[in-house]
1. Report, by residue number, each residue of segment 1-33 that is in contact with a Lys or Arg (Cβ under 6 Å, 6 or more places away or on another chain) and near the ligand (Cβ under 10 Å from one of its atoms).
2. For segment 179-218, give me the residue count where each residue is part of a loop (DSSP other than H, G, I, E, B), within 19 Å of the chain's Cα centre (by Cα) and of a type in the set (Gly, Ala, Ser).
3. Scan segment 40-52 for residues that are surrounded by fewer than 19 Cβ atoms within 10 Å (Cβ to Cβ) and either closer than 15 Å to Asp158 by Cβ or touching a Leu at 6+ places or on another chain (Cβ under 8 Å) (or both) and report the count.
4. Quick test for you: out of Ile52, Ile106, Ile47, Ile116, pick the one residue that is within 30 Å of Met211 (Cβ to Cβ) and not small (Gly, Ala, Ser).
5. Looking at Arg36, Arg19 in this structure, which one is touching a helix residue (DSSP H, G or I) at 6+ places or on another chain (Cβ under 7 Å) and in contact (Cβ under 8 Å) with a residue 24 or more places away in the chain?
Amino acid sequence: MKFVFFGAPGVGKGTMSIRASQEFKLPHISTGNIFRAAIRDGTPLGIAVKSIIEAGDLVPDDLTIKLVRERLALPDVARGWMLDGYPRTIPQAQALDADAAGYHVIDLEVPDPVIIERLSGRRMCLHCGRSYHMVHMPPAVPGICDQCGTALSVRDDDAEDAIRNRLSAYRMLTAPLVEFYRERGTMITISAENDADTVWNELRSVLAALMEDPRQQK
Ligand code: AP5
C-alpha cells in the first residue's frame with residue numbers, strides 16, 4: 001500500500017513515517033533526506049539545491065518531480081511505499097496522481113508553537129536520516145545516532161530565519177493541498193501534538209486497519 005505523510009515542517013512526518021516503514025516493511029522515501037544526502041556527498045543535485053534548502057525555500061517542481069519519478073521506478077516499491085515530504089505543491093500532487101493510483105494521505109497536525117519547539121530542539125543523523133529531540137526523544141548516548149552510530153547535527157534549515165521561511169512556504173504552496181485531498185476523501189488527519197509513542201499508537205491502528213481492509217488492497 002502507498003502512503004503520503006503530509007504536514008507542516010516539524011510536525012513529525014519523518015519520525016512517524018520511519019516507524020511506519022519499519023513496522024509495515026515498506027520503503028521510506030523522504031525527499032528531504034535525498035536532498036540532504038546529495039548535499040553531503042557534493043553531487044550535482046546537491047550543489048543545485050544547497051542554497052535553496054538552507055534558505056528554507058522549496059526546490060523547483062520539475063527537479064523534485066523527476067527525482068521522485070525515478071525513485072518510484074525502482075523495484076523495491078513493488079508492494080508500496082511511505083512517502084515523506086512529497087507532494088508539497090499542486091503540480092507535484094498531479095504528477096504523483098499520474099504515477100501512482102490509490103495512495104492514502106496521512107495529514108499530521110500540531111499548533112505552530114509546538115512546531116517551533118520541536119525544530120529548535122531537533123538533532124538529526126545525516127547518515128540514516130533519523131531525527132531526535134534533545135528533550136522529547138534524546139538518543140541513548142548523547143550526540144550519537146542509536147541506529148547507525150553517526151554523530152548527530154543541527155540541520156542548517158533549523159536556523160530561525162529558515163524555519164520562518166519553511167513555515168511560510170508551507171502556508172503558501174503546500175497547505176492548498178489539504179483541500180485538494182480532502183475533496184477526494186483520501187486524507188486522514190491525525191493530531192500529532194501528544195508524545196511520540198501516543199501519536200504512533202494511534203497512527204499504527206489507522207494504518208493497520210487500512211492494510212487489513214480488502215477494499216484498500218491496491
Ligand atoms: P524535509 O526534510 O521534508 O523538511 P520538512 O518538511 O520541513 O520537515 P522536517 O523534516 O523539518 O520535519 P518532520 O515533519 O519530518 O518532523 P520530524 O519527524 O523531524 O525537507 C527539507 C527541505 O527540502 C525543504 O524545506 C525543501 O527545501 C526541500 N524539499 C523536500 N521535499 C520537497 C518537495 N517535495 N518539494 C520541494 N522541496 C522539497 O520531527 C521534528 C522534531 O520533533 C524532531 O526533533 C523529533 O524528534 C520531534 N518529534 C517528532 N514527533 C514528536 C512528538 N510526537 N512529540 C515530541 N517531539 C516529537
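1. The answer is Phe5, Gly7, Pro9, Gly10.
2. Counting residues in segment 179-218 that are part of a loop (DSSP other than H, G, I, E, B), within 19 Å of the chain's Cα centre (by Cα) and of a type in the set (Gly, Ala, Ser) gives 1.
3. So the answer is 4.
4. Ile106
5. Arg19
Yes/no matrix, rows are residues, columns are (1) under 18 Å from the mean Cα position of the chain (by Cα); (2) free of Cβ contacts under 8 Å to residues at least 60 places away in the same chain; (3) more than 10 Å from the ligand (Cβ to nearest atom):
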{"site": "Ile65", "(1), (2), (3)": "yes, yes, no"}
{"site": "Gly80", "(1), (2), (3)": "yes, no, yes"}
{"site": "Leu83", "(1), (2), (3)": "yes, no, no"}
{"site": "Ala100", "(1), (2), (3)": "yes, no, yes"}
{"site": "His104", "(1), (2), (3)": "yes, no, yes"}
{"site": "Leu126", "(1), (2), (3)": "yes, no, yes"}
{"site": "Val135", "(1), (2), (3)": "no, yes, no"}
{"site": "Pro142", "(1), (2), (3)": "no, yes, yes"}
{"site": "Arg155", "(1), (2), (3)": "yes, no, no"}
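Where a number appears in this text, it was derived from the coordinates with a stated rule and is not lab data. It should be emphasised that the depicted structure is a prediction, and the values quoted were computed from it without experimental measurement. Neighbour counts run over all protein chains shown; Cβ positions are idealised from the backbone, glycine included.
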